[in-house]
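What follows is calculated from the coordinates using simple rules that are stated; it is not laboratory data. Please read all numbers here as calculations on a predicted model, not as lab measurements. So basically every Cβ, Gly included, is an ideal-geometry build from the backbone, and we count neighbours across all protein chains shown.
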Amino acid sequence: MQGKKVGVTVTEHLLRQQRLTPQATGAFTLLFNELVVAAKLINRELNKAGLNDIYGFTGDINVYGEQVQKLDDYAHRVLVRRLSQSEQLCAMASEEDADIIEIPSTVPHGPYILLMDPLDGSSNIDVNVSVGTIFSIRRRLHEGGPVTLEEVLRKGTEQVAAGYFIYGSSTMLVYTTGQGVHGFTLHPALGEFFLSHENIRMPKRGKIFSINEGNYNYWDEGVRRYVDYLKTPDVSKGRPYTSRYIGSLVSDFHRNLLKGGIFMYPADRKDPKKPSGKLRLMFEAAPMAMVAEQAGGAATDGVRRILDIEPQTLHDRVPLFVGSQEDVDEAGRFLRGEA
Ligand code: AHG
Ligand code: MN
Ligand code: MN
Ligand code: MN
């Protein structure tokens, strides 16, 4: 039997997948190519951030009241500049921008809307810990005219693609277009992403839990009881679980995707301005939920499936429980008081 083709690039993989979706026109592949170029530019800056002093703060405060790190800003600008010229978008939105980003009228518009977290885990940049870029791609409902907020504020099941770049010990791209989850590793010398993890499947149950236990006293009682349960020895049930928390969603998620486990950012009473926890529905939870489900995992806000949640505002925050199906289900039973 002819061996598996090695050295499949992301462009080749996209074109092959495109053949499986009859209505695909190549617009998506063009869009994705621009995403890949932007990620390579961000990756290059990250690799030398310490040298040209772009670790620091810009002094700006973003819509969440967060100090904007220079690399947050750089990543945001590179993505906006490159993707708005892709001719495949009719609108963009970014964690780093309060409103929808219009595509210049001088540029031909396309059918797609891109939402992004340009740099995830930014608090880790200056301590050399992995960070990432998260993206979510949707199609506009109808042709022509400016994109309205309600066209963007649609639930996660309407995403046509989602994924992330992780700038870690190696630089990877993980994405799904609804036909499974596929991972590509950047070959540093060639500057090309090659298929390295085809059809990633998340283990049904893991042995890892990821949560910021510093917030323990601010969680709801069900979350505390669930985490206490995971830490209580019961060898027959594979407990205690191991605790792993990097503090960068993309990195914590990626480890659990490959090894199994559950990542949690629950609601907490720490900051009255953030009663639903820290993570953003449109830019973090929804794209990661699509990847998780496509890999056989699950994602909820503790009660509701993330992909079914109707957004109210562009910057909605939601609690996030994402990872192995059985672990997310078990967490839900504790949160509903059934366990
Ligand atoms: P961002 O850097 O895009 O603002 O996201 C940071 C998020 C996420 O990456 C991570 O899971 C979470 O912040 C960690 O928050 P805590 O430091 O509160 O645990
Ligand atoms: Mn983030
Ligand atoms: Mn970010
Ligand atoms: Mn941020």
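Protection proxy ranking, highest mean first, for peptides 105-116, 296-307: 296-307, 105-116, where packing is the per-residue count of other beta-carbon atoms within 10 Å, averaged. A P(r) calculated from all alpha carbon pairs of the chain, with 20 Å bins opening at zero, reads 31, 59, 10, 0 percent. First check a/c for the stretch 208-336, with a ≥ b ≥ c the square roots of the eigenvalues of its C-alpha gyration tensor; if it is under 1.5, answer rounded, and if not, answer prolate when a/b is larger than b/c or oblate otherwise. The shape class here is oblate. Stretching Thr25 away from Leu149 to a fully extended chain increases their span by 42.1 nm, per 0.36 nm per residue minus the current alpha-carbon distance.
The label-point distance for Glu12 and Ala339, in a model that sets each label 7 Å from Cα toward Cβ, rounds to 4.3 nm. Listed by number, the DSSP H helices of the chain that run 30 Å or longer by alpha-carbon position along their axis and have mean Kyte hydropathy of at least -0.5 are 27-47. Its relative contact order, with pairs defined as Cα atoms under 8 Å and 6+ residues apart, puts the stretch 208-336 at 28 percent. Between Glu326 and Glu45, the FRET efficiency estimated from the beta carbon spacing at R0 = 35 angstrom works out to 0.30. Charged side chains reduced to their Cβ positions (Lys and Arg at +1, Asp and Glu at -1) give the chain a dipole of some 1100 debye around its Cα centre. For Arg239 and Val37, the difference between the fully extended length at 0.36 nm per residue and the C-alpha to C-alpha distance is 68.4 nm.
Apply the a/c threshold of 1.5 to the C-alpha gyration tensor of the stretch 52-141 and tell me whether it is rounded, prolate or oblate. Here the stretch 52-141 falls in the prolate category. Derived from the Cα gyration tensor, the three semi-axes of the equivalent ellipsoid of the stretch 261-316 are 20, 13, 9 Å, largest first.
Which lysines does Lys237 reach when only Cα atoms under 30 Å apart count, and residues fewer than 8 places away in its own chain are ignored? Straight-line reach from Lys237, under 30 Å: Lys204, Lys207, Lys259.
Rounded if a/c is under 1.5, else prolate if a/b is larger than b/c, else oblate: which is the stretch 10-199, with a ≥ b ≥ c the root eigenvalues of its Cα gyration tensor? The shape class here is oblate. Only Cα pairs under 8 Å and 6+ residues apart enter the sum, and on that basis the relative contact order of the chain stands at 15 percent. With Cα atoms as the point set, the radius of gyration and Dmax of the stretch 126-237 evaluate to 19.6, 60 Å. Extension gain, Thr185 to Arg81, is 35.0 nm, computed as 0.36 nm per intervening residue step minus the present C-alpha separation. Computed from point charges on the beta carbon alone (+1 for Lys and Arg, -1 for Asp and Glu), the dipole magnitude for the stretch 10-199 about its Cα centre is near 640 Debye. Ignoring lysines fewer than eight residues from Lys70 along the same chain, the ones with Cα atoms less than 18 angstrom from its Cα are Lys40, Lys48.
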